[in-house]
Amino acid sequence: MGKGRYLIKRFVYIVFVFFIISILMFAIYKAMPGDPVVMMLGDIQSSMKPDAYQALYEQTKEMLGLNQNVVVQYFVWIGNMLTGDFGFSTQYKREVIQIIGAPMTNTIMLNLFAMVVVFLISIPLGIATAVRKNGVFDKAVQVLTIVGYSIPAFIIALLAIFAFAVKIPIFPISGLKTAGSNAAGLQEALDMLWHMTLPVLVMSVSGIGGITRYVRAAMIDVLRMDYIKTARAKGLREKTVIYIHAFRNALIPIVTITTWWIIGLFGGSIVIESVFLIPGLGKMLIDSLMQRDFSVVLTMQMFYVVLSLCGNVLMDIAYTVVDPRVRLEN
Amino acid sequence: MSNENRNVLLEVRDLKQYFPVKKTKLREEQRYVRANDGITLDIYEGETLGLVGESGCGKSTFGRTLLQLYPQTHGEVIYHKDGREIDLKSLPKEEMRVLRKDLQLIFQDPYSSLNPRMTVGQIIGEGLTSHGIYKRGDPAMRDYIFEVMENCGLATYMFGRYPHQFSGGQRQRIGIARSLALRPRFVVCDEAVSALDVSIQSQILNLLSDLKEKQKLTYLFITHDLSVVKYISDRIGVMYLGNMVELAPTEELFENTKHPYTEALLSAIPVVDEEDKRERILLEGDIPSPVNPPKGCKFHTRCRYCQKKCTEEVPEWINIGNNHYVACHFPLNGEKG
């Protein structure tokens, strides 16, 4: 039926876009200044004879496959990529796949927590402010959300550190583990949660600001509609009118904005991870860029590409769930 | 038609509904749109009361305020039920919610008044479960909804479909089925047929009349279409700028028009027969602003019989016999020629 064919079409489209972006990415990184081989060999140059160094240089270049034609390099790279071989990290001197797991887990954990916090707070808050539109409560929340939305994350991070780690030292400010602790199981998980509190708090602030405003705007639009009056005229309870009739209709814009926000979260946490010294994807991306560690950078870039493309399809599917008028066709 | 021996269903006393106008300056005095500016009338059980007037004269507001969909500014709406007199304004929200079962509304716009996210079955059934007529998921409810749908001229296969899959006429029937499923006593039909084309209009009007006979309904029929209102109403009320200017049984209103505004309105009905042709009275100027209505009789700015008294004194709402009410200092006399 329409749905199956549509999804196949979308899949073909994704593959197509994926390859085009991969070519662009690869070209951009090749065009970047800096020699990854020199970066990888590092300080050895000063302690070796020039011709021995040259031999080692050539050998390393050969191993990394950098002495081939750029086009061949691309095909080798994309072929490896698709078979799950993400290349060799010149910085860590290990396979990318081995070093990328732990940071990815950390980043995803962090983002999931932030997401849950943001949704739990911003959706009810957005609804409540829309219902009490222009009241004192609404106006107060409006001011707070615009403040939260407009202050950059690193400033909020510094403020949070000042408040909860310096003035009232109840939370740690860096890492995800207490140094030297060898707790396991539940103890370890609790320790991690404790470390994550501040970063999650900071990440949530701007998310809450933005999403609350979107939910409020979408709800106000819907609450003006005639069918809300119909629902009231039916004699439904006010809760049913707001949560079932209004909120379900407000979901479409909310789905759009939250999808993009979720995709953005994975990239946006670079700042937070750097401030709180969390070994996550963002920090890794920056470090690798500094070190010209292209395998790692490209792998992560492609991760973001896949994330965005899949996010788009998921958004389309979510639309059909949310709104019966939307059909997946062409 | 005499109304004295009929039971009053709703008593409206000096009903006012003002909407605040948004201030443009900080220290400006708060001004109001006077959508309903003191309306008094009785609605009798089993009648169809037509309500006509230009757009923006407060007809729809009156219907909605009656049902307490807007918090009324002033006045009383007294609902007679089982010998009790209930002032709707003073009711707590939850009790009003329960009473909504009796007092229903059919909306003007069949496109925007149905929740796009719900199937026809859900739209009709929701009111039933929320008033405890049926339990959620009761198989008998489905049968009942089918019955209501059939009564309203909807095929039962439409049960699981969404509103956007229907035409305007079908949607209007869904709206009617939705309100009548609750077995109300009183229904406000707010321009219920205005959005439809003429052939569908007459179908819906006939449907409404049939259902009225079957279920002993009382209608408040709001429209700007005089031929529709003449066809369906027992009594007709004419509104101008938030006030009722004339109210009379249909025959009486057409034959013995008392208010100059009504006269002008009636003269605008197109006639087919050349012999029936009467002088067309054109109302000059626009309808004045309801924020700042004219002093005295609100109609004086456009009335061709206007005299000095009209600009100074507000005319009283008086019964001139035959259940004929009018608010005019100088009611027209004599039969129309």
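Computed from the coordinates by the stated procedures, all read-outs in this text should not be read as laboratory data. Everything quoted here is computed from the prediction, not taken from an experiment. Don't worry about glycine lacking a Cβ; one is built from the backbone with ideal geometry, like all the others, and counts go over all protein chains shown.
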| Relative contact order %, the range A:101-290, counting alpha carbon pairs below 8 Å whose residues are six or more apart | 35
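For a quick check of your reading of the filter: which trypsin sites (Lys or Arg not before Pro) in the range A:49-110 sit in a DSSP loop and have no more than 16 other Cβ atoms within 10 Å?
Working: sites: A:LYS61, A:LYS93, A:ARG94; in loops: A:LYS93.
Those that pass, being in a loop and sparsely packed, are A:LYS93.
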| field | Helix A:50-64 axis, angle to chain A major axis (alpha carbon atoms, nearest 10°) | value | 40
| For the protein assembly as shown, what percent of Cα pairs sit more than 37 Å apart? | 57
| task | Run through every distinct alpha carbon pair of the range A:2-96 and return the Kirkwood hydrodynamic radius in angstroms, one decimal place. | result | 15.8
| query | Once Rh for the range A:101-290 is found with the Kirkwood sum over Cα pairs, what is the Stokes-Einstein diffusion coefficient at 10 °C and 1.306 mPa s, in µm²/s? | reply | 87
| task | Report the FRET efficiency, 1/(1 + (r/R0)^6), for A:ILE121 and B:GLU147, where r is their Cβ-Cβ distance and R0 is 51 Å, rounded to 0.05. | result | 0.65
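Counting other C-beta atoms within 10 Å, and keeping those with at most 14, which DSSP coil trypsin sites (Lys or Arg not before Pro) do you find in the range B:149-231?
Loop-located and lightly packed - B:LYS216.
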| Under 5 Å, built H, 5+ apart or other chain: amide partners of B:VAL245 | B:VAL238, B:MET239, B:TYR240
| task | Mind checking which of A:ALA217, A:GLY185, A:PHE171 is farthest towards the positive end of the range A:134-224's charge dipole, using Cβ charges of +1 (Lys, Arg) and -1 (Asp, Glu) about the Cα centre? | result | A:ALA217
| message | To the nearest 20 Debye, how big is the dipole of the range A:2-96 about its Cα centre, given +1 on the beta carbon of each Lys and Arg and -1 on that of each Asp and Glu? | response | 780
| message | As an exercise, use a Förster radius of 22 Å and the Cβ-Cβ distance of B:HIS164 and A:ASP221 to find the FRET efficiency, rounded to the nearest 0.05. | response | 0.75
| query | For the protein assembly as shown, what is the calculated [θ] at 222 nm in deg cm²/dmol (nearest 500), taking -39500 (n - 2.57) for each run of four or more DSSP H residues and dividing by its residue count? | reply | -16500 deg cm²/dmol
| task | Would you give the gap between the C-alpha center of the range A:149-221 and the C-alpha center of the range A:1-25, rounded to a whole Å? | result | 36
| message | For chain A, take the longest principal axis of its alpha carbons; what is the angle in degrees between that and the long axis of helix A:247-275, to the nearest 10 within 0 to 90? | response | 30
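Of all beta bridges DSSP finds with both residues in the protein assembly as shown, what is the antiparallel percent, to the nearest 5?
65
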| Size of chain A as Cα extents on the principal axes (Å, biggest first) | 88, 60, 37
| Given springs between every Cα pair under 10 Å in a Gaussian network model of chain B, which of B:THR24, B:THR48, B:THR257 has the largest fluctuation? | B:THR24
| Can you give me the Cα centroid spacing of the range B:60-115 and the range A:28-54 in angstrom? | 82
| Square roots of five times the Cα gyration tensor eigenvalues for the range B:116-183, Å | 18, 12, 11
| remark: Computed on Cα atoms, the radius of gyration and Dmax of the range A:8-156 in angstrom are 24.7, 78
| message | What is the distance in Å between the Cα centroid of the range A:274-328 and that of the range B:152-230? | response | 52
| remark: Calc'd 3J(HN,Hα), the range A:17-25, phi into Karplus 6.51 cos²θ - 1.76 cosθ + 1.60 (θ = phi - 60°), Hz, glycine/Pro = x, comes to 4, 4, 5, 4, 5, 4, 5, 4, 4
| request: Give me the angle, in degrees from 0 to 90, between the Cα long axis of helix B:198-215 and the longest principal axis of the Cα atoms of chain B, rounded to the nearest 10. | output: 70
| Can you give the Kirkwood hydrodynamic radius for the range B:252-334, in Å, rounded to one decimal and based on Cα pairs? | 14.1
| remark: Non-local residues with an amide H under 5 Å from the amide H of B:VAL33, with H modelled 1.01 Å from N and Pro and chain starts lacking one, are B:PHE19, B:VAL21
| message | If you filter the range B:256-295 for trypsin sites (Lys or Arg not before Pro), then keep DSSP loop positions with at most 10 other Cβ within 10 Å, what is left? | response | B:LYS277, B:ARG280
| query | Under a GNM of chain B (C-alpha, springs under 10 Å), which listed residue has the highest mean-square fluctuation: B:PHE146, B:PHE107, B:PHE221? | reply | B:PHE146
| request: Among B:ALA140, B:LEU41, B:TYR325, pick out the residue whose Cα is farthest towards the positive end of the charge dipole of chain B, where Lys and Arg carry +1 and Asp and Glu carry -1 on C-beta, about the Cα centre. | output: B:ALA140
